[in-house]
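Some notes on the structure that comes next.
Computed from the coordinates by the stated procedures, all read-outs in this text should not be read as laboratory data. Remember, it's a predicted structure, so these values are computed and weren't measured experimentally. Cβ sites come from the backbone with ideal geometry, for glycine too, and all protein chains shown count toward neighbours.
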Amino acid sequence: MEIFIQNLGLLINATLIATPPLLLAALGSCFSERSGVVNIGIEGMMTIGAFTGAVVAYFSGNGWLGFLCGGLAGLVLGVIHAVVCIQLHADQTIAGTAINFLGPGLALFLCKAIFNNSSETPALDGAHKLPKLFDGVFKAGSFGYNVLNVYAVAYLVFLFAAVCWFVFYKTRFGTHLRAVGEHPEACESLGINVYLVRYSCVILSGLLAGLGGAFVTLATVSQFRPTVIVGQGFIAIAAVIFGKFSPGGAMKACLLFGFCSGIKSLASMSNAVSPNLISMIPYIVTILALVFFVGKAHTPAANGKVFVRSR
């Protein structure tokens, strides 16, 4: 029984570490997709956020500052995506693909320029990472230590999800963004600034994706590497589709994918199964979720369609 409780605590701990970056990115994707702008550049935004967060935390010694700057780096790519898609009417899928090349490429270039041609940033000290809750309160290895002694942001992201839900369904802005994603021409006839709503949502998606990437290098791991995100941006997009483009649904899907990552972490502790097979678990679950549920999700009617403001 004691071993079961300990393993349960480890599983919850692994889930709480794997879920936040997915959830932050998925919440950002919800804003963009529901406003009518496809954003498959989440992966690139997370990558530049992961790099910026690690670098700022390394030089400043402040994990919170690195976390914030990682979000701002993602925001910059969000601005680029918004201008190209909304103002210049470019193909949104192609623009997102370009962001996915730009983010990792820029991160790798800057990393080599700053750290003497190294593709990895130096490992962060524990004091330079994000702070943990109840650090030193529980005995190492106990159930309370595994469940509660996690990074503060791991619990804050669920508060973010609640705030996003409130914005979506209980505010005037949320009503406008959902309407803009369905019938932008009708919204314009009612005096709603479609461009402003879409700009706000796409830029916000970049900010949240950047924060998700920063969490990876400031909590999950201790440094930036070119493969540090490894498809998490695409898993976040899958979570949005699986969650029917709603913050609540995306949170449930991210918890599922985070739980699978937790199982992967526990299974990797034993040598009974090949580590390569174990690493496939989150991605297999993602594919199965898309295969069985993508047809049931209601995609916003104007999602991916170019809107040209009438003169």
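Figures for the structure shown
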{"read-out": "Dipole magnitude of the chain, debye to nearest 20 (Cβ charges: Lys/Arg +1, Asp/Glu -1, about Cα centre)", "value": "420"}
{"read-out": "Ranked packing of 148-161, 249-262, most packed first, by mean Cβ within 10 Å", "value": "249-262, 148-161"}
{"read-out": "Expected 222 nm ellipticity per residue - DSSP helices of 4 or more, -39500 (n - 2.57), all of the chain, to 500", "value": "-22000 deg cm²/dmol"}
{"read-out": "Using distinct alpha-carbon pairs, which all enter the 1/r mean, Kirkwood radius of the range 29-84 in Å", "value": "11.7"}
{"read-out": "Hydrodynamic radius of the range 1-94 per Kirkwood, over alpha carbon pairs, in Å", "value": "15.3"}
{"read-out": "Under the Karplus curve 6.51 cos²θ - 1.76 cosθ + 1.60, θ = phi - 60°, whole-Hz ³J(HN,Hα) for the range 91-103, x wherever Gly or Pro sits", "value": "5, 5, 5, 5, 4, x, 4, 4, 4, 5, 8, 5, x"}
{"read-out": "Distance in nm between pseudo-label sites at Ala113 and Thr97 (7 Å out along the Cβ direction from Cα)", "value": "2.7"}
{"read-out": "The chain: Rg to Rh, with Rh as the Kirkwood radius over Cα pairs", "value": "0.99"}
{"read-out": "Anisotropy class of the range 208-291 from Cα gyration tensor, a/c 1.5 cut", "value": "oblate"}
